[in-house]
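The values are calculated or read from the model by the stated rules, or taken from the named source; none is laboratory data. What you see is a predicted model, and the numbers here were worked out from it, not measured in a lab. Glycine gets a Cβ as well: all are built from the backbone with ideal geometry, and neighbour counts include every protein chain shown. Side chains included, ligands, DNA and RNA excluded: accessible areas come from the protein's heavy atoms. Shrake-Rupley method; radii C 1.70, N 1.55, O 1.52, S 1.80 Å.
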Number of protein chains: 4
Amino acid sequence: MATRVTVWNENVHEQESDDVAERYPDGIHGAIASFLEDAGFETRTATLQEPEHGLTEDVLAETDVLVWWSHCANHELSDQVATRVVNRVHDGMGFIPLHSAKNSKPFKRLLGTTCNIKYRHGGETERLWAVDFGHPIVDGLPESFEIPETEMYGEPYDVPEPDRTVFISWFEGGEVFRSGLCYRRGRGRIFAFRPGHEEYPIYYQDEVQRVIENAVHWATPNEGAADPDWGQNDPIEPLE
Amino acid sequence: MATRVTVWNENVHEQESDDVAERYPDGIHGAIASFLEDAGFETRTATLQEPEHGLTEDVLAETDVLVWWSHCANHELSDQVATRVVNRVHDGMGFIPLHSAKNSKPFKRLLGTTCNIKYRHGGETERLWAVDFGHPIVDGLPESFEIPETEMYGEPYDVPEPDRTVFISWFEGGEVFRSGLCYRRGRGRIFAFRPGHEEYPIYYQDEVQRVIENAVHWATPNEGAADPDWGQNDPIEPLE
Amino acid sequence: MATRVTVWNENVHEQESDDVAERYPDGIHGAIASFLEDAGFETRTATLQEPEHGLTEDVLAETDVLVWWSHCANHELSDQVATRVVNRVHDGMGFIPLHSAKNSKPFKRLLGTTCNIKYRHGGETERLWAVDFGHPIVDGLPESFEIPETEMYGEPYDVPEPDRTVFISWFEGGEVFRSGLCYRRGRGRIFAFRPGHEEYPIYYQDEVQRVIENAVHWATPNEGAADPDWGQNDPIEPLE
Amino acid sequence: MATRVTVWNENVHEQESDDVAERYPDGIHGAIASFLEDAGFETRTATLQEPEHGLTEDVLAETDVLVWWSHCANHELSDQVATRVVNRVHDGMGFIPLHSAKNSKPFKRLLGTTCNIKYRHGGETERLWAVDFGHPIVDGLPESFEIPETEMYGEPYDVPEPDRTVFISWFEGGEVFRSGLCYRRGRGRIFAFRPGHEEYPIYYQDEVQRVIENAVHWATPNEGAADPDWGQNDPIEPLE
């Protein structure tokens with residue numbers, strides 16, 4: 001059965017900037033959903049402006065992996081929906097925050113840190129090195145690839161020590177960044193992927209699309225063990 | 001300079017149960033503060049009932065390590081104070097949640113999971129194995145020690161994969177539990193230590209006291225690197 | 001394409017003990033290969049007594065996952081074959097050391113520690129708790145299961161902090177053990193699984209078979225990134 | 001009591017190159033021992049050319065932390081001495097392999113991987129970012145520092161996922177590298193630190209000296225728990 005993906009986007013820059021609207025005529029969510037659809041995933045989209053931000057209990061219950069793009073409107077997400085997303089991740093839903101979604105409420109709540117970084121607008125070269133060259137998220141990729149123009153994100157990146165560091169980026173201006181990080185919270189897999197500033201056509205780039213496709217496969221929920229019988233439990237062995 | 005420790009306690013069972021009040025006449029916080037004082041730490045206490053739960057900005061600013069006991073009143077902690085504690089941990093304060101403090105707001109926010117467990121009242125034997133036998137938190141301890149009567153906590157324990165698993169407990173009734181877990185969030189070290197149910201004189205036990213003393217040493221903040229210059233940054237290298 | 005599994009066994013107890021020979025008439029390797037074959041894997045076996053221990057370059061090149069049982073003859077494995085196995089793991093082959101294979105040359109070389117443990121013969125109850133309840137290796141399993149009679153292995157277990165702790169065992173005699181541990185070395189996934197003493201019919205037990213089947217799936221190599229271009233490299237960016 | 005440090009050096013380039021001999025008139029070991037002595041450590045040196053490479057059982061027994069520089073002669077180290085070093089690390093000795101010591105026998109045996117990298121001679125700028133800005137190894141350091149001229153090491157670096165990634169380097173030629181990595185094996189702490197090519201005066205640089213001093217403090221053995229009683233053990237609890 002195909003993995004069911006929901007691509008969520010705050011969808012603000014596309015409304016406010018002609019430049020972004022021209023680059024992503026169907027929104028960043030539309031561009032991402034399009035290549036994931038082509039890759040064989042069952043795909044839908046949702047945006048900040050919809051009722052409940054398009055992330056009702058029903059939508060989330062039918063979502064295997066949630067891809068998330070956000071930037072300037074991270075604070076506009078309701079606490080209630082943020083909690084709902086976090087709970088679904090605990091329950092097994094994959095979560096792939098892209099670019100500034102590192103500042104989104106669900107990601108910060110799942111990680112427990114500030115997620116602070118350095119940044120710089122203006123456009124410069126980024127080279128992503130696949131440091132975890134055996135990881136399924138880099139299947140079919142070269143040992144490194146370049147994004148010709150991007151916003152810079154720089155270390156220190158205030159996140160917990162990750163389960164796996166998949167990519168480390170080199171930036172023309174002299175910084176480095178851990179651009180692909182794996183975490184698990186409860187049953188849910190999280191892959192935080194840095195690239196994707198709205199001012200550049202990054203989601204049309206082959207390698208970037210391949211990473212996100214691989215990440216969706218990797219983050220697809222598995223069965224796991226039976227639900228733990230949490231709470232009060234009688235002894236299994238006789239007590240003296 | 002001596003590490004400055006604040007021992008926080010919700011201090012509810014001591015008020016509501018003659019049995020607990022008799023066991024811990026100065027409160028659980030008083031008992032813990034007393035042996036930490038004897039161990040050479042500069043120690044103060046704070047409780048839920050005080051204004052701002054006794055955890056003002058000033059108190060936290062002067063606290064190197066916060067030892068935390070809570071159980072039935074975890075939900076009564078104000079969100080504001082929970083946020084304040086989390087921020088101070090990010091900034092370097094050590095944090096040692098004991099027993100049911102695994103359900104406290106600061107701990108759950110720092111970890112990002114449900115922290116669900118199994119449990120059983122009634123009193124049974126627990127044996128803690130020092131699986132990370134080289135860790136500073138087990139300095140001077142035997143390879144295992146017993147708590148003759150305790151509440152049971154059982155796996156699965158819904159927490160992120162820890163940085164180090166220091167103790168694993170064996171329970172008479174057939175369960176196991178990861179009873180000593182290390183995490184870091186920002187600059188702050190966290191050691192979650194399971195023992196300490198209010199119905200038993202656990203904090204008078206030598207090995208338990210030694211673990212907590214060792215943990216305070218381990219969680220004492222270090223200098224670290226200079227504060228990161230987060231936010232907008234100019235390029236270090238010339239851009240083309 | 002079906003995962004190609006080689007089940008390796010030192011095959012000594014089966015020759016020396018009527019009791020073991022009766023329990024495992026086709027050898028422990030035969031019993032394991034049989035249920036893996038039934039699970040749809042392409043399966044072969046190899047033993048210590050064959051030329052090159054049955055693990056020629058060709059056999060290893062055609063092996064996706066190597067399941068390994070050894071105990072009393074760990075020291076009889078040639079250094080050359082041990083090196084060959086280690087190299088294939090680096091290159092991507094999955095490796096599943098069972099029971100006393102924790103003392104095998106390949107496992108110890110891959111981990112870099114002594115792998116020391118406590119142990120006790122005689123037969124007692126073990127209960128394995130699926131502490132990492134969302135891991136693919138516990139797919140379809142209950143939150144815990146029992147092995148009615150087994151050899152005990154006890155902590156401290158001298159291994160590096162694992163990538164994931166999947167199982168923790170409770171033993172009747174008072175010990176605990178991390179019975180299912182995940183590591184990666186190079187491209188290869190390693191899952192060390194404790195159960196399987198030759199004196200008990202452990203590999204006929206459903207839950208044990210399910211764990212090993214799941215582990216073979218989990219350890220099956222993926223494509224990963226292109227082979228790194230290690231060694232001397234020219235600069236990508238112009239040097240001043 | 002002062003930490004007892006042994007600085008080991010293969011001491012080959014100093015004999016074969018006038019340039020290196022002039023840069024390090026007392027050998028690289030002499031230069032490192034000198035600033036560690038000034039920092040208050042009790043310091044000795046040992047080299048490849050001495051009997052047993054200067055690393056007798058007695059010397060190692062009196063060594064708390066072993067700092068190790070090697071490059072072209074890694075293969076000349078005897079297997080016996082390599083084993084001796086590995087055993088002492090398991091037993092608690094800190095181990096700080098510098099630069100090409102990532103190819104030394106003790107390091108590769110402790111890690112269990114190939115430790116392969118990219119490299120480039122010629123001299124270019126390296127900038128080390130303190131990504132783990134709260135770690136004791138970066139105490140007193142800025143968020144980044146530069147080495148004006150160095151040999152390049154590039155990812156992918158074939159090592160196990162580290163316990164902590166302390167430094168990530170940016171290189172002028174377009175590569176990145178995890179330049180400061182923490183591991184533990186048995187009781188022993190390992191910090192692999194990249195800088196230090198013999199063709200440049202890197203060990204005279206303040207920041208590099210500070211890192212190594214901090215690492216010696218961090219790697220100094222602690223007491224830990226009592227030695228585990230490995231091997232055959234009687235049951236603690238009565239068996240049925």
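Tell me, how many Å apart are the Cα centres for region A:2-31 and for region D:190-240?
First find each Cα centre; the distance between them is then 49 Å.
Pick out which of D:Ser169, D:Ser144, D:Ser104 has the largest mean-square fluctuation in a Gaussian network model of chain D, springs linking Cα atoms closer than 10 Å.
Greatest mean-square fluctuation among the candidates belongs to D:Ser144.
Give the interface area between chains A and C as buried accessible surface, both sides summed, probe 1.4 Å, in Å² to the nearest 100.
Numbers: alone 11490 and 11510 Å², together 20380 Å².
For A against C, buried area totals roughly 2600 Å².
First check a/c for region A:1-85, with a ≥ b ≥ c the square roots of the eigenvalues of its C-alpha gyration tensor; if it is under 1.5, answer rounded, and if not, answer prolate when a/b is larger than b/c or oblate otherwise. Each step should come with its number before you reach the end.
Numbers: a/c = 2.62, a/b = 1.10, b/c = 2.37.
The shape class here is oblate.
Region B:81-172: which GluC sites (Glu not before Pro) are DSSP loop and have at most 12 other beta-carbon atoms within 10 angstrom?
Values: sites: B:Glu124, B:Glu126, B:Glu143, B:Glu146, B:Glu149, B:Glu151, B:Glu172; in loops: B:Glu143, B:Glu172.
Within region B:81-172, no GluC sites (Glu not before Pro) qualify (loop, at most 12 other Cβ atoms within 10 Å).
Could you state how much accessible area C:His53 has, in square angstrom rounded to the nearest 10, with a 1.4 Å probe and all protein chains kept in place?
Surface accessible to solvent at C:His53 totals approximately 20 Å².
Report the GluC sites (Glu not before Pro) located in region C:1-101 that are in a DSSP loop and have at most 16 other Cβ atoms inside 10 Å of their Cβ, or state none. Don't jump to the answer; show the numbers that get you there.
Working: sites: C:Glu10, C:Glu14, C:Glu16, C:Glu22, C:Glu37, C:Glu42, C:Glu52, C:Glu57, C:Glu62, C:Glu76; in loops: C:Glu10, C:Glu62.
Sites meeting the loop and neighbour criteria: C:Glu62.
Put simply, what bits of region D:122-151 lose 40 Å² or more of accessible area when the other protein chains are there, versus the chain on its own (1.4 Å probe)?
When all protein chains are present, D:Arg127, D:Trp129, D:Val131, D:Phe133, D:Gly134, D:Asp139, D:Glu143 each give up 40 Å² or more of accessible surface.
Quick one: helix B:206-219 against the long Cα principal axis of chain B, what's the angle to the nearest 10°, folded into 0 to 90?
Helix B:206-219 sits at roughly 10 degrees to that axis.
Which chain A residue comes nearest the axis with its C-beta when you rotate A onto C, and by how many angstrom?
A:Asp163, 4
Which distances in nm, rounded to one decimal and ordered from shortest, link the label point of A:Pro148 to the equivalent label points in the other identical copies, with labels set 7 Å from Cα toward Cβ?
The answer, with the shortest distance listed first, is 3.6, 7.0, 7.7 nm.
Taking the 0 to 90 degree range and rounding to the nearest ten, how far is the long axis of helix D:27-38 tilted relative to the main principal axis of chain D, both from C-alpha atoms?
So the helix axis and the longest Cα principal axis differ by about 70 degrees.
Per the 1.4 Å probe, what fraction of the accessible area of region B:1-124, in percent, lies on carbon and sulfur atoms? All intermediate terms of the calculation are to be shown ahead of the outcome.
Details: 2030 of 4730 Å².
Result for region B:1-124: 43 percent of the exposed heavy-atom area is carbon or sulfur.
Quick one: label points 7 angstrom along Cα→Cβ at C:Gly231, distances to the other copies in nm, smallest first?
List, nearest first: 4.9, 4.9, 6.3 nm.
Share of antiparallel DSSP beta bridges in the protein assembly as shown, in percent to the nearest 5?
Values: 100 of 180 bridges.
The antiparallel proportion sits near 55 percent.
Per residue of A:217-224, what is the mean number of Cβ atoms on other protein chains within 10 angstrom of that residue's Cβ? Write out the running numbers ahead of the final one.
On the way: counts 1, 1, 0, 0, 1, 10, 7, 11.
What the average comes to for A:217-224 is 4.
With n ≥ 4 as the cut-off for DSSP H runs, can you work out [θ] at 222 nm for the protein assembly as shown, using -39500 (n - 2.57) per run divided by the number of residues, rounded to the nearest 500?
Numbers: 28 runs with 240 residues, N = 960.
My calculation for the protein assembly as shown gives -7000 deg cm²/dmol from helical runs alone.
Taking θ as phi - 60°, what are the ³J(HN,Hα) couplings along region C:143-150 by the Karplus curve (6.51, -1.76, 1.60), each to the nearest whole Hz, with x for Gly and Pro?
5, 8, 8, 10, 10, x, 9, 7
Would you mind getting the accessible area per residue of the protein assembly as shown, heavy atoms of the protein chains only, 1.4 Å probe, in Å²? Write out the running numbers ahead of the final one.
Numbers: 31590 Å² over 960 residues.
Heavy-atom accessible area per residue stands at 33 Å².
Distances from D:Ala73 to the same residue in each other copy, label points 7 Å out along Cα→Cβ, in nm, shortest first?
4.3, 6.7, 6.8
So what's the gap between the Cα centers of region B:104-164 and region C:89-150, to the nearest angstrom?
Distance between centres, Cα-based: 21 Å.
Rg to Rh for the protein assembly as shown: what is it, with Cα atoms only and Rh by Kirkwood? The partial results should precede the final answer.
On the way: Rg = 27.6 Å, Rh = 29.1 Å.
Expressed as Rg/Rh, it is 0.95.
Net charge near A:Phe133, counting Lys/Arg +1 and Asp/Glu -1 over other residues with Cβ under 9 Å of its Cβ?
-4
For region B:4-219, what is one quarter of the convex hull surface built on the Cα atoms, given in nm²?
Values: hull surface 42.1 nm².
Quarter of the Cα hull surface area: 10.5 nm².
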